[in-house]
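Each remark here refers to the structure printed beneath this line.
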Amino acid sequence: MCGGFRLFTCIIFISVLLAGPGLSAQGIVKKRHKTDREMVDRQHAADLERIGNIKKKLGAFRDDVNRRLGPDNRIRIDDPVDIDRIDDIERQDHFHSRKKIQPREFAYVNGERVSMRSEGSAESAVVGRVAFRERVEVISQTERIDTIQGVGAPWVLVRRDNGDEGWVFGAFLQKNEPYRKEDFNTFDREKKGRDFSAPLIGMITSRYGYRVHPVTKRRESFHSGIDIAAREGTPVRASADGTVVTAEYLRNGYGRLVIIEHVKELTTYYGHLAEIGVEKGQKVLRGDVIGTVGRTGNATGPHLHFEVRRGGDACDPEAYLR
């Protein structure tokens with residue numbers, strides 16, 4: 001009797017436990033489903049808010065572009081994509097222009113403690129100084145040519161490595177690293193070949209460095225030599241002993257050109273010649289006549305274009321002429 005009563009009591013107790021709220025297997029699953037649904041709803045609401053913010057940013061960007069274009073501009077920016085399919089938006093710094101991006105240009109300073117000025121004129125304030133052989137970036141130049149101590153050149157806006165900017169007189173800049181005459185000893189040349197003789201007697205009408213091109217009028221044009229004006233037919237002489245490596249007409253602007261190779265990777269160029277008096281492979285001595293002054297190629301009048309190159313790089317010829 002007692003054993004049967006205990007068994008009946010245990011069955012009732014177990015039934016009550018199973019019937020209790022939230023303790024059945026079905027009740028646990030329902031509660032979990034409810035929690036998951038709440039999480040999904042919260043995430044969905046957050047996504048909708050995020051997408052709404054994205055739409056506002058995109059719309060503001062579109063309106064700003066259209067405002068900048070102006071009301072009279074025929075080009076109008078509409079929504080470029082389906083806004084409802086946007087997943088994310090982030091800032092990207094891109095710059096677009098119809099103009100071709102010009103490569104950065106650099107030059108070397110060929111003077112001692114050259115003044116940098118606030119504007120492209122000798123009367124403007126000095127804002128800094130650049131040192132001999134310092135490498136600077138060329139930003140722009142003036143169309144106006146100023147003459148200082150008999151030398152004509154534009155003013156060039158340059159930027160130093162530390163970010164400082166200023167205007168430098170163009171005659172103090174050149175394309176390749178400059179050398180002083182006393183530096184020639186490091187080239188291991190004999191004293192006889194250390195200097196070059198002038199190829200002719202005449203007036204220098206354009207020096208080495210940046211200028212406005214006299215034919216094309218192109219700004220920031222680099223002149224790789226010096227121009228010596230003389231009467232057409234004037235004899236042109238070799239500046240030093242060497243071997244003729246080029247004696248022909250070139251269509252790249254030089255016209256009739258003679259190139260002489262000297263010691264230690266040094267070469268001299270003689271351009272715009274009227275007549276060529278030597279042949280390729282010929283040995284010449286300093287002072288030998290190699291041609292005559294002309295105006296062939298890209299030239300506005302009779303003159304000699306004279307270059308000095310070392311290892312293929314153009315140097316300032318006046319630094320080599322004795």
Discussion item. For segment 122-140, which positions are of a type in the set (Ser, Thr, Tyr) and within 20 Å of Gly209 (Cβ to Cβ)?
Written reply: Ser140
Worksheet item: Does Ser124 fit the bill of being in a loop (DSSP other than H, G, I, E, B) and more than 14 Å from Arg207 (Cα to Cα)?
Response: yes
Worksheet item: Do we have Asp288 as of a type in the set (D, E, K, R) and surrounded by 22 or more Cβ atoms within 10 Å (Cβ to Cβ) here?
Response: no
Discussion item. Can you find a residue that is within 18 Å of Gly225 (Cα to Cα), surrounded by fewer than 21 Cβ atoms within 10 Å (Cβ to Cβ) and small (Gly, Ala, Ser) anywhere in segment 248-266?
Written reply: yes
Discussion item. Among the residues that make up segment 253-262, is at least one of them assigned to a strand (DSSP E or B), under 31 Å from the mean Cα position of the chain (by Cα) and at pLDDT below 80?
Written reply: no
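The values are calculated or read from the model by the stated rules, or taken from the named source; none is laboratory data. Remember, predicted model here, so these are calculated numbers, not experimental data. Backbone-built Cβ (ideal geometry, glycine too); neighbour counts: all protein chains shown.
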